[in-house]
Each structure stands twice: as C-alpha cells, then as structure tokens.
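What follows draws every value from the coordinates through simple rules; no lab data is involved. Being a predicted model, the structure only gives us computed values, none of them experimental. Cβ coordinates were reconstructed from backbone atoms using ideal geometry, including for glycine residues, and neighbour counts include every protein chain displayed.
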Amino acid sequence: MKLSKSFIPTLKEVPNDAVVTSHVLMLRTGMIRMLSAGIYSFLPLGYKVVKKVCEIIREEMDAIGGQEFHLPALNPKEIWEETNRVEAFGDTMFHVKNREYILAPTHEEIMTYHARRVLASYKDMPQTWYQIQTKFRNEPRPRSGIIRGRQFLMKDSYSFDTSSEGLDASYKLHDSAYRKIFERCGLKFFVVGASSGAMGGSGSEEFMVKSSAGEDTVAYCESCGYAGNVEVAVSKVEPLIRKESSKEIYEIHTPNVKSIDELCAFLNIDETQCAKSRVYISDNTPVLVLMLGNEEVNETKLEKLVANARPGHPEELSELTGADAGSIGPVGFKGRIIADERLRNLNNMFSGANKNDYHIGGIDLTRDVTNIEYADLRIIKAGEGCTRCNSKLDVFPAIELGHIFKLGTKYSESMGALFLDENGKSHPIIMGSYGIGVERVIACYIEQNNDEKGIVWDKTLAPFHIHLIGLNMKKEEVITASENLYTSLQSEGYLVLFDDRKDAQAGFKFNDADLLGMPIQIIVGEKKLKENKVELKIRKSGERFEVEIDQINETLKNIFNQ
RNA sequence: CGGGGCGUAGCGUAGUCCGGUUAUCGCGCCUGCUUUGGGAGCAGGAGGUCGCAAGUUCGAAUCUUGCCGCCCCGACCA
C-alpha cells in the first residue's frame with residue numbers, strides 16, 4: 001500500500017484523553033479513533049490487525065473442531081427472560097427503546113436456544129460452536145481505550161456435551177487452543193484460577209497479561225507458576241498463636257482513634273493484636289466481618305458465604321451498633337459474625353467497643369464472641385508464601401484476555417435444552433462457554449511491545465511486514481528503485497507499506513516508520529543506490545545493515561525465518 | 001453512582017480568577033519557490049456556533065443557572 005494514497009492519520013502529539021500506552025499508540029498510529037466513550041472506530045491500519053487476530057483465532061478454533069456461527073447482536077428480550085439474565089445484567093445490558101429487543105452482551109442464551117432445537121440425542125454431541133462478534137455492554141465507566149469499551153469484539157464459543165467428562169474434554173481443548181492463540185500472537189500471558197462470578201458453573205480459568213493498565217489483580221509465583229486472581233488466590237502466612245492466658249475484657253477510652261494504625265500508635269501495640277470490623281448488609285441482614293489488623297476483605301470470597309453483601313452505609317452502621325465505622329467491634333454485636341481464618345481462637349485482642357471513642361482490650365474470640373464463624377476472607381498480599389512451593393508470591397495488575405468456564409447445566413436447565421441418552425432418558429445438556437476479547441489481544445500486544453518511538457510489531461500481527469521508505473522521492477533513481485522494490489517485494493508475498501510521499505523529509509518518514517512499527521524497514525536513498533545498495537533496519541533491535549538490492553530477498557528470508 | 005479535572009480550528013494550547021477593539025501560539029492543512037539520511041526554510045493563505053441552552057450586562061470565551069460530552073480516581077464489572 002502506498003502511504004501517499006492511504007488513510008493512516010498519524011499523530012505527532014499525544015491526544016489529551018489517552019493515558020494508557022496502548023491507547024496512546026493506537027491513536028497516534030491511526031489504528032483507531034473514538035466515536036463516543038468506550039466506542040471506537042477501527043481505521044484501515046487497525047482493522048488489518050483485527051483481521052489478523054481473528055484469523056489466528058479461527059484457525060485454532062477450527063483445529064479443535066469448532067464451527068463458526070454468526071449470531072444476531074439484536075436479540076428478543078423474551079429469550080433472555082428465560083434465564084432471568086435481563087435482571088441479572090441490569091443496567092449493563094443495552095435495551096432497544098422502540099421494540100422489545102436488547103443488544104446482546106454475550107450469547108449463552110442464543111446458542112442454547114439453537115441447541116435445544118437441534119441437539120436432541122446424545123448422538124448429536126459433542127459440539128463446539130463459536131463466533132467472532134460484537135458485544136454490547138453498558139459499562140458504567142469505559143476505560144483505557146479499547147481495553148474496556150461499551151462495544152467490543154469477542155470470540156465466544158460454547159461446548160455441548162452429554163457428561164461432565166465430555167465437558168472436561170471440551171474445556172481442555174479450549175484451554176490448549178487458547179494457549180496456542182496467545183502464543184501465536186506473541187503475548188506473554190499466564191493462566192489463573194478464577195471466580196466464576198455471575199456466569200455460574202464449576203470451574204473457570206482466566207488468561208491474563210501482566211499490565212499496569214489491568215483492572216484485575218493476580219497473584220503469581222515465579223518459581224512454581226502458581227497463579228490466581230486475588231478474588232480466589234490463596235497464600236501461606238505465618239499462623240498467629242493464642243497466648244497462654246486470656247486477660248479480662250476492659251474498655252479503653254480512645255478519643256479520635258479510628259483506623260487500626262491510629263489504634264496501634266495510641267496503645268503502642270502491633271496490628272496483629274487488632275481485629276478490624278467491617279459491617280456488610282445482605283438482604284437487610286447485617287453481617288460483621290472481622291479481619292486481622294489492616295487486612296482487607298476479599299468481597300468475592302465473602303460473596304460465597306453471604307449472598308448480595310454490600311458494605312453498610314454510615315447511617316446503618318450507627319443504627320446497628322451504636323457507633324461509627326472506627327469504633328465497631330464484635331463484642332456485643334447482634335447478628336452474624338464471620339472472622340478471617342487468621343483470627344481463629346486468638347485472645348488478648350483489641351477491637352471497637354460499639355461506642356464512639358472507645359475500644360475494648362483483652363478480647364478472647366472463643367470466650368467472648370461465642371457465635372463467631374471462621375472463613376478465609378482476606379485479600380492476599382505480595383510477599384506472602386506460595387502454598388505450593390513456599391516461594392514468595394508476586395501480586396500485580398493484569399488484563400483479562402480470555403476466560404473459560406465450565407457452565408454445567410445452568411442454561412440448559414433454565415431453557416429446557418434436553419437430550420435423550422442411550423436409554424431414552426432425558427438430561428440437560430452440559431455446557432461450557434469460552435471467551436476472548438479480540439481488541440484486548442491487540443491492546444495487550446502493544447502494551448508489551450513498544451518503545452519510546454512507537455509500536456514494535458512482530459511479523460504475525462503486523463499490519464504490514466515491510467515499511468519501504470523512498471527518501472527523496474523527487475529523484476528519478478530513487479523513484480525507480482523503490483517502485484521496483486515495492487513491486488518485487490509484493491510479488492514475493494510480503495505485505496509492504498511504501499512511504500512514497502514526495503514532500504516529506506527523511507526524518508519525518510523515519511519517525512513515522514518507527515511509530516507505525518513494522519518489523520522491517522527498507523530505506524532507499526540516493527547515496528546507497530550509487531553502490532546498488534539499500535539500507536535495512538530491524539525495528540525491534542534498531543540494527544541497520546546495507547544490503548545489495550539483488551540480495552534483498554535472501555536477506556529478508558533469513559530475518560523472517562529466524 | 002460518589003469524588004476530582006476538563007471542553008477554545010484536524011491535534012496540542014493561551015486567554016477565564018478580575019467581562020471591553022479583529023480570540024493567542026505551535027503543529028498540521030492550502031499556494032509558490034527552495035530543501036530531502038532523523039519531525040526543513042522563506043513568502044502568502046484558508047480554517048472558530050470559544051461544548052449546548054437560557055440568563056445577567058451597553059458589551060460574555062470570561063459572570064450565573066441548567067444541560068451535554070470527555071478524562072482520571074473510587075464503586076461496579078464475565
């Protein structure tokens with residue numbers, strides 16, 4: 001493609017609204033433009049990359065027996081009522097105003113709708129159905145360019161099996177296909193155990209990329225590879241031991257002491273002697289959650305014990321306990337009390353007195369809080385031990401690229417997708433669902449492959465393999481040589497972007513080439529042409545060589561086959 | 001949804017507090033000449049509902065009110 005005739009609007013300056021590297025670079029390279037918050041247009045250069053990612057996904061999905069569909073994004077609401085997910089998605093689902101339609105945020109319902117009509121016998125299964133299609137979610141806060149949008153491309157697939165063993169097999173096939181897809185895309189990723197969340201089902205894994213732009217937090221063990229979303233991750237921490245003898249309970253006047261840090265400073269104690277209280281409300285019932293010291297509540301873990309828990313409002317807290325947030329404690333609290341495992345059976349603890357400006361010391365959780373339950377509720381922290389190998393865990397933000405779920409029968413049961421087994425008995429189909437954020441693959445690639453000059457594409461995803469630069473395009477010999485190269489490189493099968501602009505300065509062209517980041521730049525200049533040579537630059541390393549023009553194909557073959 | 005910030009030409013911006021000729025500057029764009037190995041020079045030129053609406057005023061980018069949009073933090077989130 002000739003740059004003089006292309007629409008590749010590069011930007012020299014960083015647009016005001018972009019913060020995240022991949023967003024900045026996609027705007028600056030003219031890959032995308034924003035239409036509205038969380039809604040992006042892909043321009044020709046960006047769409048080339050989208051198509052490349054989709055092709056890789058298709059090849060790997062087809063390789064595991066997937067069959068590609070193309071379902072409507074506009075769905076009748078009544079199908080979604082069958083699984084009660086109109087309510088479950090709530091405001092996240094887009095509703096069409098002038099007809100009872102919704103814009104699909106995912107496609108479990110539609111795939112199940114088709115499955116229940118055609119998968120009537122055990123002989124019809126297993127099946128794996130997929131599509132690459134636009135999803136719509138009314139995200140309250142779109143962010144980071146295409147990383148979180150209101151409209152995005154997703155590869156979603158669905159497996160239909162007759163047994164849980166069958167589901168396991170389908171799930172494993174997807175796991176291996178996903179690994180191949182992300183490897184082929186050149187991403188450094190890892191797989192973490194995850195929460196199934198609102199999707200339901202038994203097992204779930206996320207494919208993650210480490211990134212400061214990430215919205216998930218994961219724990220990762222460098223030495224054994226253990227990885228988990230902090231929503232579900234576990235770690236090994238020093239157990240705390242009950243003291244020999246329990247003191248009596250005593251009240252302490254603690255004026256203006258609210259936080260655990262203030263309490264520790266005021267009483268000159270360690271935070272491991274403190275029990276922090278958080279009050280949650282679940283369906284109008286209060287639950288007191290006790291955490292050691294400054295440890296934080298993992299609300300995903302809490303959700304498994306207490307449905308629909310939300311933090312109590314300040315007014316609710318004082319009404320329930322008689323005290324404000326900084327002075328609440330378990331002693332005398334009326335209601336369910338769940339303490340983190342680390343607090344199990346501890347004594348001589350300090351906590352709030354349920355009376356403003358007072359705390360209680362000498363608490364023996366076993367003696368003084370008789371209705372206490374224990375559970376693992378904490379958010380793990382960096383530096384804690386790996387439960388598998390004892391090394392230290394790293395905790396960092398990450399972007400979720402893909403998620404695979406064992407759904408089980410949640411959708412087939414509620415929608416009546418049944419099949420007959422060998423004995424003529426009816427069972428719900430056993431399902432899995434599997435997603436990849438297509439644009440996120442691109443954003444993550446760019447997050448991982450850029451430098452101060454711009455994007456650094458690898459051959460696989462690069463919109464073009466070669467960026468051919470004709471320097472002074474007013475000189476006849478430069479025009480002839482670069483045009484000839486342009487033709488011959490293309491006939492060799494390379495995708496070539498040819499900077500044939502007549503009036504752009506050399507520096508301008510070089511900087512654009514570095515910004516756009518094609519793997520190889522070939523520079524045709526007047527001086528080198530006199531020796532029948534051109535210059536070849538490898539974008540990634542910055543290495544440059546002079547190459548005889550008739551050697552160029554061989555040189556390229558060597559580079560691209562490395 | 002809570003907190004903070006922002007909205008002036010395609011992009012980046014000055015001016016807004018303290019109202020006053022023709023709204024600033026850089027990049028980009030157009031024309032001509034020169035220039036062509038790391039974001040050129042000279043000369044000339046085009047491009048603006050100052051987010052929208054109402055109000056105050058002799059006069060509003062500037063003050064007031066309402067609305068819309070965008071970004072960031074938090075909450076939320078397959």
**Report entry** Full-stretch length increase - A:ARG141, A:ASN484 - with 0.36 nm per residue and alpha-carbon distance subtracted
**Finding:** 118.5 nm
Query raised in the report: Under 5 Å between amide H atoms, partner at least 5 residues away or on a different chain: which partners does A:LEU468 have, H built in plane at 1.01 Å?
Result: A:LEU497, A:PHE498, A:ASP499, A:ILE522
Report summary line: Per-residue ellipticity at 222 nm attributable to helices in chain A (runs of n ≥ 4 DSSP H, -39500 (n - 2.57) apiece, nearest 500 deg cm²/dmol) works out to -8000 deg cm²/dmol
Query raised in the report: Around A:PHE94, which amide H atoms from residues at least 5 apart in sequence, or from another chain, sit under 5 Å from its own amide H, with H modelled in the peptide plane?
Result: A:LEU103, A:ASN138
Query - A:HIS313-A:LYS2 FRET efficiency (beta carbon distance; Förster radius 41 Å; 0.05 resolution) - result: 0.05
Query raised in the report: Rg/Rh for the range A:322-401: what does it come to with C-alpha atoms and Rh from Kirkwood?
Result: 1.11
Report task. Let me know the Rg and Dmax you get for chain A when you use only its Cα atoms, in Å. Result -> 29.6, 97
Report summary line: Beyond 18 Å (Cα-Cα) in this structure, taken from A:LYS210/A:LYS537; A:LYS51/A:LYS155; A:LYS52/A:LYS453; A:LYS210/A:LYS304, we find A:LYS210/A:LYS537; A:LYS52/A:LYS453; A:LYS210/A:LYS304
**Report entry** Calculated from backbone phi, Karplus (6.51, -1.76, 1.60) coupling profile of the range A:255-269 in Hz, x at Gly/Pro
**Finding:** x, 6, 9, 10, 8, 4, 4, 5, 5, 4, 5, 5, 9, 6, 10
Report task. Provide the per-residue ³J(HN,Hα) series for the range A:22-29, in order, calculated from phi with Karplus coefficients 6.51, -1.76, 1.60 and θ = phi - 60°, each as a whole number of Hz, with x at glycine and proline positions. Result -> 5, 5, 4, 6, 5, 6, 5, 8
Query raised in the report: For the range A:159-318, what is the Kirkwood hydrodynamic radius in Å, using each pair of distinct C-alpha atoms?
Result: 20.0
Requested in this report: At 7 Å along the Cα-to-beta-carbon direction for both A:THR134 and A:SER391, put a label point, then send me their distance in nm to one decimal.
Outcome: 4.5
Requested in this report: Quick one, can you get me the convex hull of the C-alpha atoms of the range A:464-561 expressed as volume per residue in Å³?
Outcome: 85
Report task. Mind jotting down the distance between the C-alpha centroids of the range A:104-133 and the range A:318-332, whole Å? Result -> 51
Query raised in the report: Which distance in nm do the two modelled labels at A:ALA506 and A:LYS381 give, with both placed 7 Å along the Cα-to-Cβ direction?
Result: 5.7
Query raised in the report: How about the range A:446-488: which trypsin sites (Lys or Arg not before Pro) there lie in a loop by DSSP and see at most 11 other Cβ atoms within 10 Å?
Result: A:LYS474
Report summary line: Applied in sequence order to the range A:53-70, the curve 6.51 cos²θ - 1.76 cosθ + 1.60 (Karplus, θ = phi - 60°) yields integer Hz couplings, x standing for Gly and Pro, of 5, 4, 5, 4, 4, 4, 4, 6, 5, 5, 5, 9, x, x, 10, 7, 10, 9
Report summary line: Residue separation between A:SER36 and A:SER491 times 0.36 nm, minus their alpha-carbon distance, gives in nm 159.7 nm
Report summary line: Rounded to 0.05, the calculated FRET efficiency for the beta carbons of A:LYS459 and A:ASP168 at R₀ = 25 Å is 0.10
Report task. Would you mind checking the tilt of helix A:164-184 against the longest principal axis of the Cα atoms of chain A, expressed as 0 to 90 degrees and rounded to 10? Result -> 50
Requested in this report: Take the range A:250-375, compute every pairwise Cα distance, and split them into 5 Å bins from 0; I just need the percent in each bin.
Outcome: 2, 12, 24, 25, 21, 12, 3, 0
**Report entry** Packing-based ranking, highest mean first, of A:147-153, A:183-189, A:321-327, A:89-95 given that Cβ atoms within 10 Å are counted
**Finding:** A:147-153, A:321-327, A:183-189, A:89-95
**Report entry** Beta bridges per DSSP with both ends in chain A, % antiparallel, nearest 5
**Finding:** 80
Query raised in the report: When the convex hull of the C-alpha atoms of the range A:275-347 is computed, what volume per residue in Å³ does it have?
Result: 90
Report summary line: Result for chain A, cysteines with no Cys Cβ partner under 4.7 Å, is A:CYS54, A:CYS185, A:CYS264, A:CYS274, A:CYS444
